[in-house]
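First the structure, in the form of structure tokens, and then the observations on it.
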Amino acid sequence: MQSGSNWIVTAAHCLHYSLDSLDPTPLDLYLLSPSDFKIIVGKHWRLRSDDTEQHLTVQHIFLHPMYDPKTFENDVALVELSQGPVLNDFVMPICLPERPPGEGAMVIVSGWGKQFLQRFPETLMEIEIPIVDHRTCQESYAPLKKKVTGDMICAGEKEGGKDACAGDSGGPMVTLDKETGQWYLVGTVSWGDDCGKKDHYGVYSYVYHNKDWIQRVTKLLASFRVSW
């Protein structure tokens, strides 16, 4: 078992109940407890069981201390598993990023979120999209008075079409280092304006920005591997 494979990185907004719209503060009473979760890894079909899947339990959950549910700043959380999964061709860890991805770098986002006509897919889906310049993303959301802050990273195509959607929250955005063959976790699905709209990019929690916090909580070294 490789160190770090009993940790999962996800979005903080996935780990609490719906908040009071007048005072959306994630107090302890709003937080889901470890017993509320059922972790399944190695899964491909959404509703059917897979021979490759493993069922795991949660020991602890950690929300970023600066997480703001109103703005989605620092929308990142860690889930510590009671026991790590068995690693194989269907379940494998991923590295934390060593450097920021460049504009235009291609990333892959996967999940069981809604598709065309608001239907959920039967199997795990993925899209390949480019990282978008931070200023371009900020300008696209300025008319909506939504802030894209430094702890967020955007991806998508200007003409729209490919995007994460409802049901994908907390899912991974990853990239492949073609020289080493290593996969890196770039971000997790956080928020956006509808799905796949022209000039409105998907916004993700930026893992590189919060890497120090992740390492402090997990007490593991740089480039350790986490599940996704």
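Working only within segment 127-144, note down all residues that are hydrophobic (A, V, I, L, M, F, W, C) and either under 18 Å from Val109 (Cβ atoms) or outside the structural domain of His200 (by the TED database) (or both).
Of the residues in segment 127-144, the ones hydrophobic (A, V, I, L, M, F, W, C) are 127, 129, 131-132, 137, 142, 144.
The answer is Ile127, Ile129, Ile131, Val132, Cys137.
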Qualifying residues in segment 20-44 (those that are of a type outside the set (Asp, Glu), over 20 Å from Asp168 (Cβ atoms) and part of a loop (DSSP other than H, G, I, E, B)) - the one modelled with the highest pLDDT
Ser33
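Would you call Thr123 more than 16 Å from Cys95 (Cβ to Cβ), of a type in the set (S, T, N, Q), surrounded by fewer than 18 Cβ atoms within 10 Å (Cβ to Cβ) and touching a strand residue (DSSP E or B) at 6+ places or on another chain (Cβ under 7 Å)? Quick ask: steps written out before the conclusion?
Values: more than 16 Å from Cys95 (Cβ to Cβ): yes; of a type in the set (S, T, N, Q): yes; surrounded by fewer than 18 Cβ atoms within 10 Å (Cβ to Cβ): yes; touching a strand residue (DSSP E or B) at 6+ places or on another chain (Cβ under 7 Å): yes.
Spelling it out, Thr123 is indeed more than 16 Å from Cys95 (Cβ to Cβ), of a type in the set (S, T, N, Q), surrounded by fewer than 18 Cβ atoms within 10 Å (Cβ to Cβ) and touching a strand residue (DSSP E or B) at 6+ places or on another chain (Cβ under 7 Å).
Hand me the list of strands (runs of 3 or more DSSP E) wholly inside segment 139-211 holding 1 or more residues that are at pLDDT below 95.
Working: elements: 152-155, 172-177, 182-191, 202-206.
In segment 139-211, the matching strands (runs of 3 or more DSSP E) lie at 172-177, 182-191.
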Which count do you get for residues in segment 145-183 that are within 12 Å of Val207 (Cβ to Cβ) and touching a Leu at 6+ places or on another chain (Cβ under 7 Å)?
2
Does segment 61-74 contain any residue that is among the β-branched types (Val, Ile, Thr), closer than 15 Å to Gly170 by Cα and in a loop (DSSP other than H, G, I, E, B)?
no
Checked against (1) more than 18 Å from the chain's Cα centre (by Cα); (2) modelled with pLDDT under 95; (3) within 21 Å of Glu159 (Cβ to Cβ), Gln83 satisfies every condition except (3)
Take Val189 and tell me if it is of a type in the set (A, V, I, L, M, F, W, C), out of contact with any Asp or Glu (no Cβ under 7 Å at 6 or more places or on another chain) and crowded, with 16+ Cβ neighbours inside 10 Å.
no
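Considering only segment 130-138, I want to know if a residue exists there that is among the acidic types (Asp, Glu), surrounded by fewer than 20 Cβ atoms within 10 Å (Cβ to Cβ) and without any contact (Cβ under 8 Å) to a residue 24 or more places away in the chain. Break it down into steps so the answer makes sense when it comes.
Residues of segment 130-138 among the acidic types (Asp, Glu): 133.
This time we only want the ones that are surrounded by fewer than 20 Cβ atoms within 10 Å (Cβ to Cβ), so: 133.
With the extra rule that they be without any contact (Cβ under 8 Å) to a residue 24 or more places away in the chain, the set shrinks to none.
Within segment 130-138, not a single residue is among the acidic types (Asp, Glu), surrounded by fewer than 20 Cβ atoms within 10 Å (Cβ to Cβ) and without any contact (Cβ under 8 Å) to a residue 24 or more places away in the chain.
Return yes when Ile108 is within 16 Å of Val207 (Cβ to Cβ) and part of a strand (DSSP E or B) and no when it is not. Break it down into steps so the answer makes sense when it comes.
On the way: within 16 Å of Val207 (Cβ to Cβ): yes; part of a strand (DSSP E or B): yes.
When the stated conditions are applied, Ile108 passes them.
The values are calculated or read from the model by the stated rules, or taken from the named source; none is laboratory data. Please read all numbers here as calculations on a predicted model, not as lab measurements. Note: ideal-geometry Cβ built from the backbone for every residue, glycine included; neighbour counts use all protein chains shown.
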